[in-house]
Amino acid sequence: MSNVSIHPSWKAALADEFTKPYFRMLTDFIKQEKAGGKTIYPPGPLIFNAYDSTPLEDVKVVILGQDPYHNPGQAMGLSFSVPRGMRIPPSLRNIYQELNTSLGITPAAHGDLTSWARQGVFLLNAMLTVERNQPGSHQRSGWQFFTDASIKVISEQRENVVFLLWGAFARKKKVLIDPDKHLILESAHPSPFSADRGFFGNEHFSLANAYLVKHGKEPINWEVPA
C-alpha cells in the first residue's frame, strides 16, 4: 500500500491501528495478492481516499458501504462513488432517485461524489480493497477491524454526526455508535434488490440536513455538480 495519502487528523486518531498485528498482516496480504498477479481495486493511491478527502474534524455525515466496486475503473475509495466517465451503478442511481423525490435534486449525469466528501460526508466502505471481479474477496482480510475503529473514533471524538446505515450489513455497525451523541438513520439498501423495501421514501438526506442545522452546522449540498 505504497503512495497512499491519509489526512493527518486520521493518521493521528488511528495511530494505534497502524501498529497492530492485523494491520501488518493486512498489508502483507495485499502485497502478496499483487505479487501473485491479482488486480486489486481501488488503485493504491486511492485506497484511503475517504480518509484523505474528509478530515476527521470535518465529518458531519457517514455513509457506510460494504465493498469497493470490483469492475475495472469503478472503485475510487469513496463508498457508492465512481469516477466521471463511468456508468452510474444501480445503487447510486437509486440514491439519486431518492434525492430527486425528497429534495427535488435533478440526478447527476456522473457518479463522482467527491463534492460530498469535501463537505464532510465520510464515504466509508467497510472493506477498503477488493480483487477484480471478485465481490467480497477481502471480507476476511482485516479491514473490518480498521474501519470499525474508524467508526468508533467518529462516535467518540465528534458530536452530532449523522450515520446513514443502509442494509443489513451497515445496520450491524450501529453498536459502534453512541446514540446519545449522534443521529443514526437506518433503512433498506439502495440496491435494486431492496430499494423498494424501505430505501425509497426514507427521507434520510432531508432528515440529515435538518439535524445538522438544528445543531448549528452547515447542511450538506447534496446536488452533485455537473
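The values are calculated or read from the model by the stated rules, or taken from the named source; none is laboratory data. All values reported here derive from a predicted model rather than from experimental measurement. FYI the Cβ positions are ideal-geometry reconstructions off the backbone, even for glycines, and counts take in every protein chain you see. Keep in mind that these areas ignore ligands, DNA and RNA; they rest on the heavy atoms of the full protein, side chains included. Shrake-Rupley method; radii C 1.70, N 1.55, O 1.52, S 1.80 Å.
Listed values, structure above:
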read-out	value
Selection status of G73, open to solvent by 40 Å² or more (accessible area, probe 1.4 Å), modelled with pLDDT of 95 or more and over 15 Å from I154 (Cα atoms)	yes
Output for region 165-196, where each listed residue is more than 17 Å from N125 (Cβ to Cβ) and aromatic (F, W, Y)	F193
Residue that is most open to solvent (accessible area, probe 1.4 Å) [pool: residues in region 185-224 that are among the basic types (K, R) and over 20 Å from Q66 (Cβ atoms)]	K214
Matching residues in region 127-143 - criterion: being open to solvent by less than 60 Å² (accessible area, probe 1.4 Å) and either more than 20 Å from P55 (Cα to Cα) or over 14 Å from the mean Cα position of the chain (by Cα) (or both)	T129, V130, E131, G136, S137, H138, Q139, S141, G142
Members of region 49-69 that are buried (at least 20 other Cβ atoms within 10 Å of the Cβ) and within 15 Å of E131 (Cβ to Cβ)	D67, P68, Y69
L92 vs. criteria touching a helix residue (DSSP H, G or I) at 6+ places or on another chain (Cβ under 9 Å), open to solvent by less than 70 Å² (accessible area, probe 1.4 Å) and closer than 27 Å to W166 by Cα	no
Helices (runs of 4 or more DSSP H) contained in region 45-132 and holding at least 2 residues hydrophobic (A, V, I, L, M, F, W, C) and within 23 Å of K172 (Cβ to Cβ)	90-103
Failed item in (1) in contact (Cβ under 8 Å) with a residue 40 or more places away in the chain; (2) outside any loop (DSSP other than H, G, I, E, B); (3) within 15 Å of the chain's Cα centre (by Cα), with T147 passing the rest	(1)
For F80: the one exception among (1) aromatic (F, W, Y); (2) in contact with a helix residue (DSSP H, G or I) (Cβ under 6 Å, 6 or more places away or on another chain); (3) surrounded by fewer than 18 Cβ atoms within 10 Å (Cβ to Cβ)	(3)
Unique residue being in contact (Cβ under 8 Å) with a residue 24 or more places away in the chain, touching a Lys or Arg at 6+ places or on another chain (Cβ under 8 Å), within 29 Å of A210 (Cβ to Cβ) and of a type in the set (S, T, Y) when the list is S191, S155	S155
Test result for R158, surrounded by fewer than 20 Cβ atoms within 10 Å (Cβ to Cβ) and closer than 25 Å to Y69 by Cα	no
Top-ranked residue in region 30-43 [being buried (at least 17 other Cβ atoms within 10 Å of the Cβ) and not in a strand (DSSP E or B); ranked as farthest from the chain's Cα centre (by Cα)]	E33
Output for region 161-181, where each listed residue is within 17 Å of H215 (Cα to Cα) and open to solvent by 10 Å² or more (accessible area, probe 1.4 Å)	D178, P179, D180, K181
Output for region 97-126, where each listed residue is open to solvent by 10 Å² or more (accessible area, probe 1.4 Å) and more than 15 Å from the chain's Cα centre (by Cα)	Q97, N100, T101, S102, L103, G104, I105, T106, P107, A108, A109, H110
